[in-house]
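A.B. asks: Once you've had a glance at the structure underneath, I'll fire off some questions.
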Ligand code: AMP
């Protein structure tokens, strides 16, 4: 593994109470799960712990829980689906307090290989803040060993992600990462810290401001940095081009100039669009029919806005990706939600699907784009964490990863 952390293969759980932080933050519509990907992704770790004779206590957050505990954000539907997938009962503790008497009683009644699911950790409110100490202690009281398998939450120093590990460790318990975390760390960690070269990073999405540290870190780590999506226009403006009514982050123009210089000095290739799709306005609704022209990047009309990379750029980027041995991609090349403006994103996804390189897709919109466009099974790894994968690419230490014991 990229980082030398204990995994579920390194711990002995037989007869022990194992608390597993999962990412069961699944989309729900009228109480029904509309995408079970996250539940399926958690199964290997849970099954391993059951097989090894652990008493498996699962916890997770679901949704944002803005207005306090409520049935609409209860983990009850997850318990039901999980039981189906595991082919064994999952004892759901519906108590909004998450820990406490009901949870303790459920855990005391467990035999080896049993599974308990606690209620939505965010029902405790404090999970959102740094004052989760009491909750951390209560979670730790329920277990002997702790496993984190919630990559999507691992960038947050929450009680159930990080706080609990201090208490478990203080009483002599082990803290490990699950298979899902291990896979994320392996792919993202190796790509950033120890890539097989050439290493090409492709960044897109809406705003430069959201990805400042990612750009900075990747210029240092990669051989070629490719920029597309809305953020490309701020770079083009920084180069002195007319960008019309395109999305722009005027406060970041100097930053973009700095990054262009940094890449030049470091001898890194920084690729920007050479042509672009332009339209009179942003599509409304987002998937509405839209008339576009393709123009060279230095000939954008002042009264139009750029909404996708053009065909010449798509070819340039695809060729760069083809020469790579490692490719990391985060953020769409244009407004991919619209069929006309998805062409650039599709071209890049196709290039990644065709290459023999290790291809890693950051979570969030890029993962959604690759899934939606039907390329998911062609990629080496699609990250399950949007914010977490971005912080990894920034070179930050993630609290949920750092909190696991070293090997
Ligand atoms: P992000 O969340 O930063 O990865 O950004 C993804 C969003 O950026 C998607 O919803 C895209 O529609 C949007 N996007 C991509 N290209 C552009 C563009 N040229 N102008 C405006 N929005 C864009």
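A.B. asks: Looking at 364, 395, 374 in this structure, which one is without any contact (Cβ under 8 Å) to a residue 24 or more places away in the chain and either on the phi > 0 side of the Ramachandran plot or away from the ligand (no atom under 16 Å from the Cβ) (or both)?
C.D. replies: Criteria check complete, one pass: 374.
A.B. asks: Among what's in region 1-18 and is modelled with pLDDT under 95 and part of a loop (DSSP other than H, G, I, E, B), pick the residue that is nearest to residue 182 (Cα to Cα).
C.D. replies: Top of the filtered list is 1.
A.B. asks: Which condition number does residue 311 fail, the rest of (1) more than 10 Å from the ligand (Cβ to nearest atom); (2) within 23 Å of the chain's Cα centre (by Cα) being met?
C.D. replies: Here residue 311 clears every test but (2).
A.B. asks: Next question, about the same structure. Which ones in region 272-289 are part of a strand (DSSP E or B) and either over 11 Å from residue 314 (Cα atoms) or within 10 Å of the ligand (Cβ to nearest atom) (or both)?
C.D. replies: 276, 277, 278, 279
A.B. asks: Name the residue that is nearest to the ligand (Cβ to nearest atom), counting only residues in region 295-307 that are over 32 Å from the mean Cα position of the chain (by Cα) and assigned to a strand (DSSP E or B).
C.D. replies: 295
A.B. asks: Now for a different question. State which residue is nearest to residue 349 (Cα to Cα) when the search covers only region 190-213 and only residues that are assigned to a helix (DSSP H, G or I) and within 10 Å of the ligand (Cβ to nearest atom).
C.D. replies: Here the answer is 211.
A.B. asks: State yes or no: is residue 242 assigned by TED's automatic domain parsing to the domain that holds residue 344 and assigned to a loop (DSSP other than H, G, I, E, B)?
C.D. replies: Yes.
A.B. asks: A follow-up question, please. Would you call residue 255 in contact (Cβ under 8 Å) with a residue 40 or more places away in the chain, in a helix (DSSP H, G or I) and buried (at least 22 other Cβ atoms within 10 Å of the Cβ)?
C.D. replies: It is false that residue 255 is in contact (Cβ under 8 Å) with a residue 40 or more places away in the chain, in a helix (DSSP H, G or I) and buried (at least 22 other Cβ atoms within 10 Å of the Cβ).
A.B. asks: Which numbered condition trips up residue 340, out of (1) modelled with pLDDT under 95; (2) in contact with a strand residue (DSSP E or B) (Cβ under 8 Å, 6 or more places away or on another chain); (3) surrounded by fewer than 24 Cβ atoms within 10 Å (Cβ to Cβ)?
C.D. replies: (1)
A.B. asks: Right, another one. From the list 322, 312, which residue is at pLDDT 95 or above, surrounded by fewer than 17 Cβ atoms within 10 Å (Cβ to Cβ) and more than 30 Å from residue 174 (Cα to Cα)?
C.D. replies: 312
A.B. asks: Could you tell me which numbered condition residue 187 fails, if it satisfies all but one of (1) assigned to a strand (DSSP E or B); (2) under 28 Å from residue 405 (Cβ atoms)?
C.D. replies: (1)
A.B. asks: Here is a follow-up. Out of the residues in region 318-346 meeting the condition of being part of a helix (DSSP H, G or I) and away from the ligand (no atom under 14 Å from the Cβ), tell me which one is nearest to residue 360 (Cα to Cα).
C.D. replies: Out of the qualifying residues, it is 321.
A.B. asks: Residue by residue through region 215-255, note down the ones that are farther than 29 Å from residue 196 by Cβ and away from the ligand (no atom under 12 Å from the Cβ).
C.D. replies: 237, 238, 239, 240, 241, 242, 250, 251, 252, 253, 254, 255
The values are calculated or read from the model by the stated rules, or taken from the named source; none is laboratory data. Keep in mind that this is a model prediction, so the values were computed, not measured. Positions of Cβ are backbone-derived with ideal geometry, glycine not excepted, and every protein chain shown enters the neighbour counts.
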